[in-house]
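Peer 1: Here it is: the structure, laid out below.
The values are calculated or read from the model by the stated rules, or taken from the named source; none is laboratory data. The structure presented is a predicted model; accordingly, all values stated were derived computationally and were not measured. Neighbour counts run over all protein chains shown; Cβ positions are idealised from the backbone, glycine included. Quick note on the areas: whole protein, heavy atoms, side chains included, nothing else; ligands and nucleic acids left out. Shrake-Rupley method; radii C 1.70, N 1.55, O 1.52, S 1.80 Å.
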Amino acid sequence: MNLINRLIPGRSIQAKLAGAIIVITASCLTFACTTFWLNNRRITRKNFDKIVSGVMEMISINSIASLYFEDSDAAREILLSLKAGSDLIEGAALYQADGHLFATYVRPENRSEDLFFPGLVRSEGKMVEKSRAIITREVRFKGATVGYLLFRMDMTGYHRQLAWYSVQALVIAILSVLLGIFISLYLKRQLLGPVSHLVDTVKQISREKEFSIRARGASNDEIGDLINGFNEMIGEIQKRDHELERQRVGLEDQVSTRTRDLTGANRELKRLNLELSRANSAKSDFLSRMSHELKTPLNGIIGYTKLLMKGDSDLGDMETERLSVVLQCGEHLLLMINDILDFSKIEAGKFEIKNIPFDLAPFVRTTAEMARSKAREKGLPIVIDMDQGVSSRVTGDYQRIRQVLLNLLSNAVKFTDQGKIVLGVMPVGNRIRFSVTDTGIGIPEKDMKAIFKAFAQVGSVCRKSEGTGLGLAISLHLVGLMDARLCVESVVGKGSRFWFDIVLPPQAQAPHLLAPDLVASPGDLFLPSLPTPPPGPVMATLRARTDMGDIAGIRCWCGENMENYPEYSAFFALTEKLAREFKINDINRLISVTTGTATEMEQHENHIGGG
């Protein structure tokens, strides 16, 4: 059937059936006629060879004596006996044992033709030329060759007989094909007539969409079963159409009613969403404003508390201990306010990533130093493991990266009692991997997902009280904004490891964390105009940390306040540069110059450096 489909593509089943019958009939007849022709050819050839072989055998025996005694007249008489034989032999010749011509015979009706006999024959053989053949045979007597007999054969009759066999086979094939066509037409009407009617009925139903039409029945065979099954199917479809139409009318009424209800519900939902959006916006604004308002006096409390705790203060042990509690509470409250502010920004969708050039190696050292103050209280070293293959000059949001790393380092310090904490930096493909590894208590498998949820904490009660439970939630969001993923692996009792891989494109020139307009030369920092200092309570914290020589605290103070007080970014940038260069004296002079507490302004000449 696949062959028929290829030979007659896109035609009806009637044409395919007729074609199949014709192809099968023609193939069978071709095989039969070819077999018939080949068999007749073989028989004819066999008869021809038998006749020739018999005649030559007879002539050879009769001509032995004439050849042996060299009697040419007797030899010619023997050859003349061929006249009464088959007309296939045009002529014959006898040759002596040395191969010379001895006697010849030519059929009378062929004497006008120039029959050619070789002058010398010394072997048996057969040669065919067009419609003639020359056959040579030895004449032997007592095992010795006494001569040769040559027949010249006319093959025209033989070929004519073969041609007649071919004509017979062709006529039989043509008649058989015509008979096959007649049979196929008859079968098409008898067998495929009902099928054609069924096809026409299907087309009519498909065209008019009228399911009341039925196909006419046929005989009780497979085709009749097909037509009856089709009629039953159409009747079932008609019933279902009536049922669907009835349900459609009912559904239209229900949809109309539901649409009115949904329209009212949508209006109410929009109103509630608008109120919720306004409430969230008001909450975010409130938290942002309140955190700024709370941080300003809180920084003052922390600063003045540190001033009171200076070594030259005349305080007793009890007072110093109480002030230490006040300082710890203030710093803890400041951390909670910062976390709440960041979380409110996350909810409001106001967090943005800024790509700023910076030097990676000093950045890592500074970040580790900012976390060492807490680590020293527990006797924990913070080790930096920075791969030499990491590009130092990169571009990225170093403030957000530092915020994530400080959160991870703070957690590592909080949950580690002994051992060490490792801050790792290494290249991973086209990204840079930051990791924090500790030897703390570890995280149970069941708490792995909970630690990244807002306000979720794991661990002991005393450790839970040290944070808000927002640090990892904020870090997870920040890392996601930098197109990365915060990962963790932990073993209970052995420690934990947090890491993230971010893209930090390298820079061709050395970057600066400070604003470019403040940098005048590699060695010194000049002030074209004095930067405006932040409010007094904020400056009090800077003075306290400067007096104690707390470089890490100064840099942390700059980072926190640069975000909270962007209008004083020039002052924070300059202070951070001086702290990064460990120029405590220059920071003291900067405080004096900008707050107007210097005794001689002319001594500074607007130049701070060399401290």
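Peer 1: If DNA, RNA and ligands are ignored and the probe is 1.4 Å, what is the ranking of THR416, THR104 by accessible area, most exposed first?
Peer 2: Largest to smallest exposure gives the sequence THR104, THR416.
Peer 1: Follow-up question, since we're still on this one. What order do VAL492, VAL23, VAL593 take when sorted by accessible area (1.4 Å probe), most exposed first?
Peer 2: Descending accessible area places them as VAL492, VAL23, VAL593.
Peer 1: Roll a 1.4 Å probe over the protein heavy atoms and report the accessible area of GLU321 in Å², nearest 10.
Peer 2: Here the residue's solvent-accessible area equals roughly 120 Å².
Peer 1: How much solvent-accessible surface does ARG372 expose, in Å² to the nearest 10, with a 1.4 Å probe and all protein chains in place?
Peer 2: 50 Å²
Peer 1: Quick one: which residues, 5+ away or cross-chain, put their amide H under 5 Å from the amide H of VAL146? H built at 1.01 Å from N.
Peer 2: VAL139, ARG140, PHE141
Peer 1: Put LEU175, LEU470 in order of accessible area, largest first, 1.4 Å probe: what do you get?
Peer 2: Of LEU175, LEU470, the descending order of accessible area is LEU175, LEU470.
Peer 1: Calculate, for ILE183 and THR34, the FRET efficiency according to 1/(1 + (r/R0)^6) with r their C-beta to C-beta distance and R0 25 Å; round to the nearest 0.05.
Peer 2: With R0 = 25 Å, the Cβ-Cβ based efficiency is 0.65.
Peer 1: Still on this model: I'd like the carbon and sulfur percentage of the solvent accessible area for the range 13-174, probe radius 1.4 Å, heavy atoms only, ligands and nucleic acids excluded.
Peer 2: 60 percent
Peer 1: Another question about this same structure. Over the Cα atoms of the range 13-174, what is the Rg over Rh ratio if Rh follows Kirkwood?
Peer 2: 1.22
Peer 1: Moving to a separate point now. Multiply the residue separation of SER166 and ASP261 by 0.36 nm, subtract the distance between their alpha-carbon atoms, and state the gained length in nm to one decimal.
Peer 2: 25.1 nm
Peer 1: Tell me, what is the 1.4 Å probe accessible area of MET56, in Å² to the nearest 10?
Peer 2: 10 Å²
Peer 1: Step through the residues of the range 432-446 one at a time and calculate ³J(HN,Hα) from phi using the Karplus curve (6.51 cos²θ - 1.76 cosθ + 1.60, θ = phi - 60°), rounding each to whole Hz and writing x for Gly and Pro.
Peer 2: 10, 9, 9, 9, 10, 10, 10, 10, x, 7, x, 10, x, 4, 5
Peer 1: I'd like the distance between the alpha-carbon centres of the range 367-441 and the range 539-574, rounded to an integer number of Å.
Peer 2: Using only Cα atoms to place each centre, the spacing works out to 22 Å.
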